[in-house]
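For reference, the structure is listed below as structure tokens.
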Ligand code: DGY
């Protein structure tokens with residue numbers, strides 16, 4: 001019997017050949033079809049052996065508990081906070097992700113956002129295109145250089161390390177990180193700081209850690225209060241790592257706030273921070289390059305092939 005696989009979004013056609021038709025029956029949803037609801041996902045979990053999904057699909061405990069057929073979920077992402085892992089563990093449903101595919105793209109984007117927030121690129125562009133730019137004036141709307149600065153990274157996993165590497169070798173930045181239990185290995189100098197030192201000393205902060213119970217609201221009133229005036233903060237991880245309400249309270253302390261991720265993610269049109277000139281917001285697209293997305297999709301489909309057809313879990317990034 002063929003393995004039935006449901007893809008919640010359209011993938012590049014050349015990547016689909018991994019799931020060849022003699023072993024797999026594939027249903028691929030078109031991106032212009034209506035958004036999948038929880039009810040849709042419950043139905044799919046009863047009809048398909050494997051699901052290839054992404055961060056916009058909420059695989060809730062209801063979906064997992066109702067699954068009568070589903071054995072394998074391959075998330076086209078490194079993060080997996082869209083999936084209820086406890087429910088999957090109880091149901092023996094395997095979850096796999098795609099590490100090693102997007103760190104370069106996300107790191108480039110993080111630095112892009114850091115520059116955007118430090119130099120207000122989109123503000124200048126908006127003014128130029130809409131209001132017309134006032135005369136060049138030496139002190140008008142200046143930003144901050146990032147070269148030779150101390151930069152603090154929260155989360156030195158594959159993405160955080162790549163951000164640090166690009167900043168160290170490209171901008172001669174001095175890289176600091178928020179100390180935790182693990183000691184990361186890098187080919188450039190990194191310096192750990194405890195929480196108090198980190199937030200009171202770092203004027204450039206980039207968040208690159210996963211969202212967990214421990215990192216939820218990691219940046220809240222206390223941390224925002226100790227951050228220096230005129231700092232720049234960038235988040236390319238998950239929106240809930242910063243308490244967004246608190247951030248709104250302290251927003252004027254910042255020279256720029258660059259968020260590729262928000263709470264909710266993405267923000268609905270009309271949300272108050274979209275119009276706020278302190279915020280530079282993009283809709284969770286740091287990994288959106290042809291290169292990264294191609295690799296993410298290939299890895300996600302290979303996870304399905306290896307686990308469901310070869311029955312080999314060695315080359316499958318299982319996380320539960
Ligand atoms: C991930 O892989 O978790 C990213 O946030 C998706 O771009």
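The values are calculated or read from the model by the stated rules, or taken from the named source; none is laboratory data. In this text, all values refer to a predicted model and were calculated from it rather than measured experimentally. Cβ: placed from backbone, ideal geometry, glycine included. Neighbour counts: every protein chain shown.
Where helices (runs of 4 or more DSSP H) fall entirely within the stretch 62-141, those with at least 3 residues that are within 13 Å of the ligand (Cβ to nearest atom), closer than 24 Å to residue 260 by Cα and not assigned by TED's automatic domain parsing to the domain that holds residue 294 are at 103-119. Hey, which of the strands (runs of 3 or more DSSP E) in the stretch 187-287, taking only ones fully inside, have at least 2 residues that are within 16 Å of the ligand (Cβ to nearest atom)? By residue number, 204-207, 231-235, 254-259. Taken over the stretch 1-33, residues that are in a loop (DSSP other than H, G, I, E, B) and within 24 Å of residue 68 (Cβ to Cβ) amount to 8. If you go through the stretch 130-167 and keep only what is buried (at least 23 other Cβ atoms within 10 Å of the Cβ) and over 16 Å from the mean Cα position of the chain (by Cα), you end up with 151, 152, 164, 167.
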